[in-house]
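One structure is given below, encoded as structure tokens.
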Amino acid sequence: MVKKIAVVLLSTIIGNSLYAGDYDANAKGFLGLEVGAATVDADRFGGFTHEGDAVEYGIRFGAQSDVWRATFAFDYFDSSSDDQNVEKGLLMVDYFLFTSDTEYKVRPFVGANVGLINYESTGIDATDFIYGGQAGVIVGVGENIDLDLSYRYSLSGSEKVNNLGSIIFGLNYLY
């Protein structure tokens, strides 16, 4: 079941990435940074499930049009007090619900994500597939700068990691 979902999500992401980046004349590339508050619900030493929280930070790049955004992000989470370390790479596709016509271009969005996670704790080193969704809002504060506030939730295919949730603030430079 998880593999079928992975194939569908990956096909959707690749197809929409091509649409957003290559087939839309108004599409722009972007490069950005993100930081946020994250929680990881996963096994720790001795097989006990624990929900740890810490700061998550990462980089992202992709393409966006007036309707779609396709993004690749790499994030790092290290909660040494909870003995949890996470690296994840995500492919995300977002759909902009509407665009405001104000001075600051406000665009709420919903989307899906799929990727890989590497989770480490004492005696545990698991790498597996993750998938989920996100929702948020982008505010254009200049011709080439976007601010992004979103909530991202992902489930894991691993027996060691249950789920991940993050409130993310991002800064994107459009080119």
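The values are calculated or read from the model by the stated rules, or taken from the named source; none is laboratory data. Just so it is clear, the model here is predicted, and its values are computed rather than measured. Every residue, glycine among them, receives a Cβ derived from its backbone with ideal geometry; neighbour counts consider all protein chains shown.
Every condition in (1) surrounded by 14 or more Cβ atoms within 10 Å (Cβ to Cβ); (2) under 18 Å from Phe48 (Cβ atoms) holds for Phe96 except the one numbered (2).
Could you tell me which numbered condition Ser65 fails, if it satisfies all but one of (1) crowded, with 18+ Cβ neighbours inside 10 Å; (2) touching a residue at least 40 places away in the same chain (Cβ under 8 Å)? All conditions are met except number (1).
Scanning segment 37-75 for residues that are of a type in the set (A, V, I, L, M, F, W, C) and outside any strand (DSSP E or B) yields Phe45, Phe48, Val67.
On the stretch given as segment 100-151, residues that are farther than 18 Å from Ile167 by Cα and of a type in the set (Lys, Arg) total 1. Enumerate the pairs (first residue in segment 137-155 and closer than 13 Å to Arg107 by Cα; second residue anywhere and aromatic (Phe, Trp, Tyr) and in a strand (DSSP E or B)) with beta-carbon separation below 6 Å, excluding pairs fewer than 6 apart on the same chain, so at least 6 apart or on different chains. Pairs found: Leu149/Phe169. Checking each residue in segment 42-64 for being of a type in the set (Gly, Ala, Ser) and either in contact with a strand residue (DSSP E or B) (Cβ under 8 Å, 6 or more places away or on another chain) or closer than 17 Å to Ser154 by Cα (or both) picks out Ala42, Gly52, Ala54, Gly58, Gly62, Ala63. Among the residues of segment 127-154, write down those that are closer than 24 Å to Ser79 by Cβ, out of contact with any Asp or Glu (no Cβ under 8 Å at 6 or more places or on another chain) and buried (at least 17 other Cβ atoms within 10 Å of the Cβ). Once the filter is applied, which keeps residues that are closer than 24 Å to Ser79 by Cβ, out of contact with any Asp or Glu (no Cβ under 8 Å at 6 or more places or on another chain) and buried (at least 17 other Cβ atoms within 10 Å of the Cβ), segment 127-154 yields Phe129, Ile130, Tyr131, Gly132, Ser150, Arg152, Ser154.
Starting from residues that are in contact with a Phe, Trp or Tyr (Cβ under 7 Å, 6 or more places away or on another chain) and surrounded by fewer than 20 Cβ atoms within 10 Å (Cβ to Cβ), keep the ones in segment 68-82 and report whichever is nearest to Tyr57 (Cα to Cα). Selected residue: Tyr76.
Within segment 147-162, restricting attention to residues that are at pLDDT 95 or above and over 10 Å from the mean Cα position of the chain (by Cα), the residue that is farthest from Asp53 (Cα to Cα) is Leu147.
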